[in-house]
Amino acid sequence: MKKLAITLLFIFSLTFLIGCKSNTEDQEGTKNEQPIFPAMLKGRVLSGSGDMLTAGIIITYPNGDKERVITNMLSGYILYLETGTYDLTFTRGIEYAEKTITVEVENYKTYYLDDVRLEHLYDGASKGWYLGQLHQHTTYSDGKQDVDQVLLSNLSSGLHYGYLTDHNTAAGLPEWMQGSRFVTQYDASGDPIYFVPMRGVEITTDYGHFQSLGMGIILEQFNINTEKGDIPIDEIAEIASEVSRSGALVTVNHPTASGELGFYFWDIIDLYDGIEIWNGLYVTNRNQNATAKAKWFELLEEYRAGNLPFIAATSGADNHTITGYYTAEYANRSNEEYAYEDDYLQRGRYSYMPSVAIHVDGELTTEAITHAIKNGHSYLTNGPRIIATIGDIGYGETYSLGGSSTVDIDFDLFSQDQIEQINIIKNGEVVKVITEGFDDLYHQFTTNLDDVAAGDWVVFEVIASNTAYAITNPIFFS
């Protein structure tokens with residue numbers, strides 16, 4: 001019998017089918033097994049202050065498999081689970097505490113679970129820092145869930161904004177934009193912060209994939225045909241130019257991937273606003289993301305030399321499903337070669353893995369989001385929150401040295417995973433490593449950096465346990 005959870009949603013429904021056998025007799029008179037009616041579990045998830053907020057529930061099955069389902073918009077849930085012992089982990093992304101309960105259920109029974117409260121441990125919005133997703137898909141292209149389900153996934157992940165970027169179609173955007181009706185968080189005064197849905201399209205060609213961020217623009221050039229005389233680099237340049245003319249940002253997705261997924265026309269990279277250095281589950285020091293990060297460092301060096309405009313780093317979950325399904329068989333592989341991979345898989349490929357944290361002064365609007373991404377007022381994270389400033393200068397900004405060659409860097413960090421080290425990267429090279437003083441969830445400290453000169457740039461990298469990671473956009477020096 002196929003084992004899956006059923007979550008019934010009041011407004012938006014995520015339905016996972018359970019196969020039940022019939023008790024009717026076949027033509028030979030052989031009686032089949034009796035139907036199984038799984039246990040029904042009902043409950044609600046609340047914030048620490050008692051607000052009803054959409055949340056995720058990671059179900060760990062008796063055999064160790066995991067999948068994430070979602071409460072309804074009103075924070076309620078109904079789960080159907082067959083006889084067994086389950087761990088239910090309630091979560092709301094990287095700012096909230098998780099809570100795990102163990103339940104033992106029997107078929108045919110109904111269980112009313114106590115309300116679960118998730119404490120908001122880190123309020124980024126109160127500091128002007130908002131989490132969002134730039135790269136995700138629905139059934140309008142090759143995703144497995146409908147628009148409403150992906151929207152609900154964003155809300156349940158504690159995201160404040162999100163782009164819908166289906167392949168070569170804007171068909172889902174009218175539904176997606178209804179997300180502005182929904183509350184993603186309540187501020188310290190109890191006032192609602194509404195989710196900001198953003199229009200987008202992943203322009204998908206045989207010569208690379210590109211994000212139109214801020215406009216649902218569909219282009220004929222995605223069908224590039226050299227047999228008809230099309231010149232790929234000219235067509236790709238026209239795509240970038242047309243997206244920019246529309247008022248949207250244009251960024252390169254998974255630039256160092258193999259085959260048609262990669263980007264090969266670096267001579268026209270100056271037409272782009274951003275480059276996705278972190279695609280999917282693996283962080284930027286693993287697999288193709290490692291080479292994408294290294295390429296971005298090269299582009300920053302070209303900017304330092306005056307040969308290119310600034311090109312911001314972006315990330316995207318690129319998730320085609322929101323369940324993050326994990327099969328426990330990976331954990332049974334004893335070879336150390338697989339240990340790191342297994343840690344990533346257990347972390348789950350959800351809507352907030354990874355997120356783009358942007359800094360906005362004032363109201364969170366579509367214009368403010370666009371400005372923050374384009375100008376690099378952001379960092380990329382699957383867990384750690386890192387605010388690093390030099391004086392009052394932050395990511396994407398320039399600090400005036402005033403003749404000095406030493407600067408003080410103020411760090412404000414939060415991480416539910418144990419921070420192992422912070423790397424300070426200057427002009428593409430790690431110049432300082434901080435490994436001590438990370439014994440709590442919260443960390444505030446100041447460190448200095450020597451031998452800084454006009455034209456230099458610095459990026460900050462957080463490496464933590466359980467494959468948690470963050471990397472910032474640069475601070476420049478003049």
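The values are calculated or read from the model by the stated rules, or taken from the named source; none is laboratory data. Owing to the predicted nature of the structure, the values given are computational and were not obtained by experimental measurement. Every residue, glycine among them, receives a Cβ derived from its backbone with ideal geometry; neighbour counts consider all protein chains shown.
Tabulated data for the structure shown
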read-out	value
Criterion (buried (at least 18 other Cβ atoms within 10 Å of the Cβ) and in a loop (DSSP other than H, G, I, E, B)) met by exactly one of V458, V462, V452	V452
Verdict on L81 being buried (at least 22 other Cβ atoms within 10 Å of the Cβ) and either in the same structural domain as E106 (by TED's automatic domain parsing) or among the polar types (S, T, N, Q) (or both)	yes
Test: residue in segment 216-226 that is of a type outside the set (K, R) and either outside the structural domain of L364 (by TED's automatic domain parsing) or under 30 Å from N72 (Cα atoms) (or both)	yes
Filter result for F414 (at pLDDT below 95 and among the aromatic types (F, W, Y))	no
Criterion violated by E106 - all others in (1) within 18 Å of the chain's Cα centre (by Cα); (2) acidic (D, E); (3) outside the structural domain of N319 (by TED's automatic domain parsing) satisfied	(1)
Meets criteria (under 21 Å from Q149 (Cβ atoms) and either touching a helix residue (DSSP H, G or I) at 6+ places or on another chain (Cβ under 8 Å) or free of Cβ contacts under 8 Å to residues at least 40 places away in the same chain (or both)) for T54	yes
Strands (runs of 3 or more DSSP E) lying entirely in segment 328-439 (those with 1 or more residues that are at negative phi and surrounded by fewer than 16 Cβ atoms within 10 Å (Cβ to Cβ))	407-414, 419-426, 429-434
Scan of segment 272-288 for residues that are out of contact with any Gly (no Cβ under 8 Å at 6 or more places or on another chain) and either modelled with pLDDT of 95 or more or in a strand (DSSP E or B) (or both), ordered by number	Y272, D273, G274, I275, I277
Counted residues, segment 305-321 - those being polar (S, T, N, Q) and either crowded, with 24+ Cβ neighbours inside 10 Å or in a strand (DSSP E or B) (or both)	3
